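Please treat every number below as a calculation from the coordinates, not as lab data. Please read these numbers as outputs of a predicted model, since none were measured by experiment. No Cβ is skipped: glycine too gets one built from the backbone with ideal geometry, and neighbour counts run over all protein chains shown.
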Amino acid sequence: DGGITQSPKYLFRKEGQNVTLSCEQNLNHDAMYWYRQDPGQGLRLIYYSQIVNDFQKGDIAEGYSVSREKKESFPLTVTSAQKNPTAFYLCASRGSEKLFFGSGTQLSVL
Amino acid sequence: AQSVAQPEDQVNVAEGNPLTVKCTYSVSGNPYLFWYVQYPNRGLQFLLKYITGDNLVKGSYGFEAEFNKSQTSFHLKKPSALVSDSALYFCAVRDIRGTYKYIFGTGTRLKVLA
């Protein structure tokens, strides 16, 4: 089946630790996105990539990093500089002028 | 700046009654508008989009939305609500200036009562 796969479903971060969230798509889409979802705040854009080897900061990029070495993959690293990382993270790709979303990763701090 | 507002945090409706979830937008130029639905602990699912053409857009699961340029609104509607429609609904607008950013509202929780 075609789609967006996010892993893991749940992730726990210790103080001072970097963690990486995986996002893979087999839809052959050029553009991919990372959003953060907090209760009552909707979705906020962290980073997006229009094409391989290129990406742009979104509205809340501080404390996060990304790479786009392959068309299929757009991993997000939550660094120790992100002081409030607890949230639901959603990855998406763009096709036919709309976004296709993965099922999300819930990140919590230990 | 492009923005989307969903003025209601929650909407309650009785099963079988019509439902409306409100969305207003602020954009430069002609907007690309979207509705998505989210079930608990899941990603967002696409319902419908407006890019151009007929102001009444029909989407998945019997939902429709009306684009109103003078009121800058894009309200989601369904003639007869189902209990299974209970979920979190998001309105979104795409930045058409070339950045391809999608901006989402804060979401409206729909509760359909049996």
- [ ] Using a 10 angstrom cutoff on alpha carbons, build the Gaussian network for chain B and name the most mobile of B:Phe67, B:Phe46, B:Phe104.
- [x] B:Phe46
Task: Residue pairs, from the table A:Lys71/B:Lys101; B:Lys49/B:Lys77; A:Lys71/B:Lys69; B:Lys69/B:Lys111; A:Lys14/B:Lys111; B:Lys49/B:Lys101, whose Cα atoms sit over 25 Å apart - done: A:Lys71/B:Lys69; B:Lys69/B:Lys111; A:Lys14/B:Lys111
Task: Zone of B:Ser28's modelled label, taken as backbone nitrogen in segment B:53-95 under 14 Å from a point 7 Å along Cα→Cβ - done: B:95
Task: segment A:1-74 - Rg and Dmax from Cα coordinates, angstrom - done: 13.0, 37
Task: Most fluctuating residue given options B:Tyr100, B:Tyr39, B:Tyr25, as computed from a GNM of chain B linking Cα atoms under 10 Å - done: B:Tyr100
Open item on the list: Taking beta carbons within 10 Å but only from partner chains, what does the mean come to for residues A:56-67?
Closed with: 1
Task: segment A:53-62 - phi-based ³J(HN,Hα) in whole Hz, Karplus 6.51/-1.76/1.60, Gly and Pro as x - done: 6, 9, 7, 10, 6, x, 7, 9, 6, 4
TODO: Loop only per DSSP, at most 16 neighbouring Cβ atoms within 10 Å: give me the chymotrypsin sites (Phe, Trp or Tyr not before Pro) in segment A:9-110, ordered by residue number.
DONE: none
- [ ] Report the residues of segment A:26-69 in range of a label on A:Thr86: point 7 Å along Cα→C-beta, backbone N strictly under 14 Å from it.
- [x] A:38-39
- [ ] For the protein assembly as shown, build the charge dipole from Cβ charges (+1 Lys, Arg; -1 Asp, Glu) around the Cα centre, then report which of A:Leu11, B:Phe46, B:Tyr61 sits farthest towards its positive end.
- [x] A:Leu11
Task: Charge dipole (debye, nearest 20) of the protein assembly as shown; +1 at Cβ of Lys and Arg, -1 at Cβ of Asp and Glu - done: 160 debye
Open item on the list: If I build a Gaussian network model for chain A, linking alpha-carbon pairs within less than 10 angstrom, which residue out of A:Ser80, A:Ser93, A:Ser49 has the largest mean-square fluctuation?
Closed with: A:Ser80
Task: Under 5 Å, built H, 5+ apart or other chain: amide partners of B:Glu8 - done: B:Lys22
Task: FRET efficiency, 1/(1 + (r/R0)^6) with R0 45 Å, evaluated for B:Arg42 and A:Glu15 via beta carbons - done: 0.95
Task: Note, ³J(HN,Hα) from phi for segment A:32-46, Karplus 6.51, -1.76, 1.60, rounded to Hz, x at Gly and Pro - done: 9, 9, 10, 10, 10, 10, 10, x, x, 10, x, 9, 10, 7, 9
Task: Stretchable slack from A:Gln56 to A:Gln41, in nm (0.36 nm times residue separation minus alpha-carbon distance) - done: 3.2 nm
Open item on the list: Can you work out the Karplus-derived ³J(HN,Hα) for every residue in segment A:83-92? Use 6.51 cos²θ - 1.76 cosθ + 1.60 with θ = phi - 60°, whole Hz, and x for glycine or proline.
Closed with: 7, 10, x, 5, 5, 9, 10, 10, 9, 8
Task: Alpha-carbon Debye profile of the protein assembly as shown, log10 I(q)/I(0) at 0.12, 0.18 Å⁻¹ - done: -0.65, -1.33
- [ ] Would you calculate the volume per residue, in Å³, of the smallest convex hull containing every Cα atom of chain B?
- [x] 99 Å³
Task: Förster-model FRET efficiency, 22 Å R0, B:Lys58 and B:Val83, C-beta, rounded to 0.05 - done: 0.50
- [ ] May I ask you to list the aspartates and glutamates whose Cα is less than 17 Å away from that of B:Lys22, ignoring any residue fewer than eight positions away on the same chain?
- [x] B:Glu8, B:Asp9, B:Glu64, B:Glu66, B:Asp85
TODO: Quote the FRET efficiency, to the nearest 0.05, computed for A:Glu97 versus A:Ser22 with a Förster distance R0 of 25 Å and r equal to the Cβ-Cβ distance.
DONE: 0.45
